[in-house]
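These notes are about the structure you will find just below.
The values are calculated or read from the model by the stated rules, or taken from the named source; none is laboratory data. Note that this is a predicted model, so its numbers are computed, not measured. Using ideal geometry, Cβ is built from the backbone for each residue, glycine included, and neighbour counts are taken over all protein chains shown.
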Amino acid sequence: MQPFNSLLANLKTRPHWMNALMLFCAYMTFIYLPWDVLLKPLSEDQEVWFGLLFTGWAAKAGGLLHWYVYGAGFWGFWKMRTWMFPWAALYTAQVAVGMAVWSFLDARGGGVTTGLLVAIPFLALAAALWRTSYFKSAEARAEIVGSL
């Protein structure tokens, strides 16, 4: 019962939306990306960075980089590391820009309007990550609360 209680205590240290991001990072780190990098055939592999589609070996390299990013994100959320600010917000903003660019450049993307509509939730998430005080040190959080 101790590990379960420890897990619940850890989940209570951040808001639900941040727990959802942490669980998404865990899924990407421990389930999807191992399959993507190690098992997915090279001929089928595709990765998107900054809205540009990569295939083949470039996609495998991008998959390794994604694996590192999501692993670091999971660890950063789990331990609430201060270095998550600004990196979580900046990566999420890059995803938003990438979604918009990909929608414009790729025939399957749906055009500018679709790209902007898809990017908006990611921009909102990036703003929430930028504004949150959860990644700040305990002393910095106390200063913020004291100034309110």
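Is there a residue in region 49-68 that is part of a loop (DSSP other than H, G, I, E, B) and not assigned by TED's automatic domain parsing to the domain that holds L125? Yes: region 49-68 contains one or more residues that are part of a loop (DSSP other than H, G, I, E, B) and not assigned by TED's automatic domain parsing to the domain that holds L125. Has region 83-93 got at least one residue that is more than 25 Å from L38 (Cα to Cα) and not in a helix (DSSP H, G or I)? Yes; the residues of region 83-93 include at least one that is more than 25 Å from L38 (Cα to Cα) and not in a helix (DSSP H, G or I).
Within region 99-134, the only residue that satisfies the criterion of being outside any helix (DSSP H, G or I), small (G, A, S) and under 29 Å from H16 (Cβ atoms) is S133. Scanning region 102-116 for residues that are surrounded by fewer than 18 Cβ atoms within 10 Å (Cβ to Cβ) and not acidic (D, E) yields F104, L105, A107, R108, G110, G111, V112, T113, T114, L116.
Kindly evaluate Y32 against the criterion of being loosely packed, with under 14 Cβ neighbours inside 10 Å, of a type outside the set (D, E) and part of a helix (DSSP H, G or I).
Numbers: loosely packed, with under 14 Cβ neighbours inside 10 Å: no; of a type outside the set (D, E): yes; part of a helix (DSSP H, G or I): yes.
Taking the combined requirement at face value, the residue does not satisfy it.
Within region 119-136, the residues that satisfy the criterion of being surrounded by 16 or more Cβ atoms within 10 Å (Cβ to Cβ) and closer than 12 Å to A93 by Cα are A119, F122, L123, L125, A126, A128, L129.
Could you say whether any residue in region 135-143 is under 22 Å from F24 (Cβ atoms), modelled with pLDDT under 95 and either in a helix (DSSP H, G or I) or not assigned by TED's automatic domain parsing to the domain that holds N10 (or both)?
The answer is yes; a qualifying residue exists.
Residue-level analysis places L64 among those that are touching a residue at least 24 places away in the same chain (Cβ under 8 Å) and over 27 Å from R131 (Cα atoms). Pairing residues of region 14-43 that are within 15 Å of A88 (Cα to Cα) with residues that are of a type in the set (A, V, I, L, M) and not in a helix (DSSP H, G or I), at Cβ distances under 7 Å and at least 6 apart in sequence or on separate chains, gives R14/M80.
Just one residue in the set G98, G71, G63, G56 is closer than 30 Å to L42 by Cβ, crowded, with 16+ Cβ neighbours inside 10 Å, touching a Ser or Thr at 6+ places or on another chain (Cβ under 8 Å) and of a type in the set (G, A, S); that residue is G71. Among the residues of region 1-29, those that are part of a helix (DSSP H, G or I) and more than 24 Å from K136 (Cβ to Cβ) comprise Q2, P3, F4, N5, Y27, M28, T29.
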